[in-house]
Amino acid sequence: MIRPFRSLVTASDPLAALCLVVAIIAVEGCAPTRGPVRENVVEIEEIDVVPATEVEEKLATAGEQARKEMDAEKAVADKVIEAATDAAGPAAVVAETEKVLLGEPSLTAGVPGEGAITPEQIDAWLADPKNHRMLEPELPLGLSQAAGQVRGLAENPLTRAKIELGRQLYFDTRLSADSTVSCASCHDPAFGYTAHTKTGVGIRGQLGGRNSPVSFNRILSGPQFWDGRADSLEAQAVGPIANPIEMGFTHEGVVKRLSEIPVYARQFEKIFGELTIDRVGQAIAAFERVIVTAPSPYDYHEQLRPFVKLDPDDIADDADLAARFAAAKAAAEAHPMSESATRGRELFFGKANCSACHVGANLADEKFHNLGVGMAAAEPDPGRFAVTKDEQDRGAFKTPTVRNVALTAPYMHDGSQATLAEVVAWYDKGGHANSQLSDKIKPLNLTEQERADLVEFLKACTGETPRVEIARLPIAADL
């Protein structure tokens, strides 16, 4: 008879006995598949408890090490889950996501109803699980080629509830000290998400030092402000609140004011689990990230360009190709570009060299350049230099997108140029000479017609922005 496995069971690990029995069952099965074969049966007469041997101690040590490694892996996984939950907020449904095309009207339509938002209405809104699903945004035609350049979603995932909270904050003047200025005061959808003033105008009519940048297509943008001093859209969103010239408040003051408005307090608690200035920034940034430009005539005509080089017979012989050509042709005809704009397109990417900086899906390289604007002043704006302290950045400012540029006059960081014709003329002459002038700025020697064609092309880069509810905001605390 096979000797019982007494010596393999030790006082230090009684669990080994159970493991041994399980192992034997795993080998032989719970029931025989044929008649019992007595000589193959392992008999366990009794289990003696004996001191651990050196081999057994090593096995025990290895087991303990394995348990420690498993615990460490679990701890890492827990931290990842905790970080994701913290970023998304307690209301997020991590396992459930929803794909959505940016520009889709329901994202910015506001809480259903009319008039000021009441606590009862916001409770009903927050109770709908759909509003807490993490969104997987898709970019519209024209911007879609930049899907890999989307910024900020890992740190601040989008949900409908968060976007809606950001919408309310964006249009609410109560974020300023005297309740007269909101984000939209300088970045108004009616004016192309900017303001038609040379520089921003803050509380008590104070004038800022720079032109108001656009707040659309920010989902593709990194550092914010003309000088890039804010490293994220979230940081940019809360900066003006504490700027004495803009909204003239304090971060502590705005948090306290919002906490005293029940509709806001309930949203922050449900979405984030807290109301802090960082959460205010996250909400506003979430709203701004869904404001994108729809396809422009330029985008539709770009879809048609690849077919121009193909033989018509080759297109006709391929049913799929013919269908795509027909769709592209119909879209381009529905959104026409003039002959002048078409010539301007060739200049933009050719002789005029505009695409040296205005490049990519958003037609902006997200970099900083000295164009000579304002450098003739007695004390020129230092621009990016104020952030980096690099002399090469003196007088350099961030490249703005030319999408919807026809809607956002005046132009340049100081609002010094009133029309697109003036902008083209500035580039045509090679800017203003100074020691840090970008090497991309050189005289273009354009004809009058070429300058006009460039302006027409810039106008053809205009696409709609989403329809946004601007008036429906939380009811006052004392009502």
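Listing for the model above:
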{"read-out": "Residues that are crowded, with 20+ Cβ neighbours inside 10 Å, in contact with a helix residue (DSSP H, G or I) (Cβ under 9 Å, 6 or more places away or on another chain) and either charged (D, E, K, R) or within 14 Å of residue 353 (Cβ to Cβ) (or both), drawn from the stretch 408-431", "value": "424, 427"}
{"read-out": "The one condition in (1) more than 18 Å from residue 289 (Cα to Cα); (2) of a type outside the set (Val, Ile, Thr); (3) in contact with a Pro (Cβ under 7 Å, 6 or more places away or on another chain) that residue 168 fails to fulfil", "value": "(1)"}
{"read-out": "Any hit, the stretch 300-312, residues being farther than 28 Å from residue 457 by Cα and not assigned by TED's automatic domain parsing to the domain that holds residue 234", "value": "no"}
{"read-out": "Filter result for the condition that a residue is assigned to a helix (DSSP H, G or I) and either within 18 Å of the chain's Cα centre (by Cα) or not β-branched (Val, Ile, Thr) (or both), over 141, 135, 153, 169", "value": "169"}
{"read-out": "Residue 469 vs. criteria under 25 Å from the mean Cα position of the chain (by Cα) and either within 30 Å of residue 125 (Cα to Cα) or surrounded by fewer than 19 Cβ atoms within 10 Å (Cβ to Cβ) (or both)", "value": "yes"}
{"read-out": "Failed item, numbered, when residue 193 is tested on (1) over 23 Å from residue 412 (Cα atoms); (2) touching a residue at least 24 places away in the same chain (Cβ under 8 Å)", "value": "(1)"}
{"read-out": "Complete set of residues in the stretch 435-451 that are surrounded by 18 or more Cβ atoms within 10 Å (Cβ to Cβ) and of a type in the set (Lys, Arg)", "value": "451"}
{"read-out": "Matching residues, the stretch 265-285, being surrounded by fewer than 24 Cβ atoms within 10 Å (Cβ to Cβ), in contact (Cβ under 8 Å) with a residue 12 or more places away in the chain and among the aliphatic types (A, V, I, L, M)", "value": "275, 277"}
{"read-out": "Residue match in the stretch 175-183 (condition: part of a loop (DSSP other than H, G, I, E, B) and under 25 Å from residue 393 (Cβ atoms))", "value": "no"}
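The values are calculated or read from the model by the stated rules, or taken from the named source; none is laboratory data. Keep in mind the model is a prediction, meaning the values are calculated, not measured. Cβ atoms come from the backbone with ideal geometry, glycine included; neighbour counts cover every protein chain shown.
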